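Colleague: Following this message is one structure expressed as structure tokens.
Just so it is clear, none of the values below were taken in a lab; they were calculated from the coordinates. Since the model is a prediction, treat every value here as computed from it, not as a measurement. Backbone-built Cβ (ideal geometry, glycine too); neighbour counts: all protein chains shown.
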Amino acid sequence: MCTNKKKKNYSALYIMLGMLAGIGVGFGVVAWMPDGHKFIKDWITPFGTIFLNLLKMISIPLIFVSIFKGVSSIKDVSKFARIGIRTVILYMITTVIAISLGLFFAEVIKPGSFINENQYELIKSKSTENLTADKVTDNVQKANQVKDKSPLNFFVNMVPDNIFNSLSQNNRMLQIIFFSIIFGVAAILVGDEKSKPIMDLMSSINSLLLRIVEMIIAVSPFGVFALMADLAAKYSGNWGIFTSLGLYAVCVLIVLGIMMLMVYPIMIKFFTKIPMFKFIKKMYKVQLYAFSTCSSAATLPVNLENAQKNLGISEEASEFVLPLGTTINMDGTSAYQAVAVVFIAQVFGIHLGLGDILSILLLTTISSIGAPGIPGGSFVILTVVLNTIGIPAEGLALIFGVDRPIDMFRTAVNVTGDATVAAIIDKSI
């Protein structure tokens, strides 16, 4: 994880350039080459596929290790009993608020609505052209089984009967999260002496996985280039999809703005001893640092210092709540994921019923625990959410080009939420 501000800004610039270059190449090749579509498909699209596969490859081990570390890091049972439960509950509340706002505005604004019926049919055909007969048959069988499911089937499916089988499938993430939490709780109960070897191993694996994520994100401009070139070639002449993409970005920023400028200040005003405008003023430096680094983990030292020196939050509260929040509190990330899932579903013409919305709410809330506090970490988690809901992962190509700029804003929201909860907990102890 690199915390160099200049490098972060250049990284965001490179991704934007990759997006623009991909769009330009996609449109240009199709317009000027007789068989431009085939050239893009044969020589550029495979690099985009490799990039998506890299993200899918790392998602399961990263989430498993991150959640285990987050749960097992609560060593002091007496402290956990006193403030741990309240902290987790508050983090979950703010996360649910963020997700609910994201789902609401995505359904109201409907950023995917600029895509007309012909464009939808084109997108649908492009997204399903590589489906094998086995996959189609499997989807039909699953659809036929829906009517026979118990109302409690969702919770039944959360508990794996074979964790190794679940670990090999991206669409079994709820089962993996469930096992990760149980595994982390067990590590606490057996004590430090017995759990130390596995804790050390997990810490080492976590460092390796984060380094792999950095390596993947480092090549993201090339991945974005390939994905956007493929997208532009497939939908050449259909500008509605790009108009819709801009509206999607606006929708995400509206939700993040409401969280940062309304939800958190209101919570500060009514549930803490800190003046609301003082909180807004003093958090500016932390938000700017988060915006620059796109990393909650890198911003943690700045957030701790600001909480103790400028906001007057006690060490007992800040040193427990803020590090925990870096792991399990991702309000901005969760809001973004909610909007992204609904947007991609709208683009592909997939209707999301009440059950789907509730699934997104629950899955995104739980998955936020495993979102790593590093640049691009939330994008890794999103691949899992899409797979679980049954939305084609190819839809990621629609949003990755604007993901990094949005990542700056949602990281600022994440660290602001951490400080808000720390201030509330500080007043209660």
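Colleague: Suppose R0 equals 25 Å. What FRET efficiency, 1/(1 + (r/R0)^6) with r the Cβ-Cβ distance, do GLU305 and MET92 give to the nearest 0.05?
Modeller: Plugging the Cβ-Cβ distance into 1/(1 + (r/R0)^6) gives 0.40.
Colleague: What is the extension gain from LYS273 to LYS38, computed as 0.36 nm multiplied by their sequence separation minus the C-alpha to C-alpha distance, in nm to one decimal?
Modeller: Full-extension gain reported as 78.3 nm.
Colleague: Listing TYR289, TYR91 from the residue with the fewest other Cβ atoms within 10 Å to the one with the most, what is the order? List each step's numbers first, then the result.
Modeller: On the way: TYR289 21, TYR91 25.
The order, fewest Cβ neighbours first, is TYR289, TYR91.
Colleague: In addition: In this model, which of LYS69/LYS194; LYS269/LYS309; LYS56/LYS234; LYS309/LYS427 are farther than 27 Å apart at the alpha-carbon?
Modeller: Among LYS69/LYS194; LYS269/LYS309; LYS56/LYS234; LYS309/LYS427, the Cα-Cα distance tops 27 Å for no pair.
Colleague: Now for a different question. Suppose each label sits 7 Å from its Cα in the direction of the beta carbon; what would the SER73-ILE429 distance come out to in nanometres?
Modeller: 1.5 nm
Colleague: Label points 7 Å out from Cα along the Cβ direction at ALA186 and LEU167: separation in nm?
Modeller: Here the answer is 1.1 nm between the modelled labels.
Colleague: Then there is this: Under a plain spin-label model, where a point goes 7 Å from the Cα along Cα-to-Cβ, how far apart in nm are LYS194 and ARG211?
Modeller: 3.2 nm
Colleague: Now a separate question. Ranked highest first by the average count of other Cβ atoms within 10 Å around their residues, in what order do 336-346, 30-40 fall?
Modeller: Answer by packing, highest mean first, reads 336-346, 30-40.
Colleague: Rank the residues ASP200, ASP356 as a footprinting-exposure proxy: fewest other Cβ atoms within 10 Å of their Cβ go first. If you can, show how the numbers build up before the last one.
Modeller: Numbers: ASP200 10, ASP356 17.
So the residues, fewest neighbours to most, are ASP200, ASP356.
Colleague: Grab the beta carbon distance between ALA31 and ALA218, set R0 = 45 Å, and tell me the FRET efficiency rounded to 0.05.
Modeller: It comes out at approximately 0.90.
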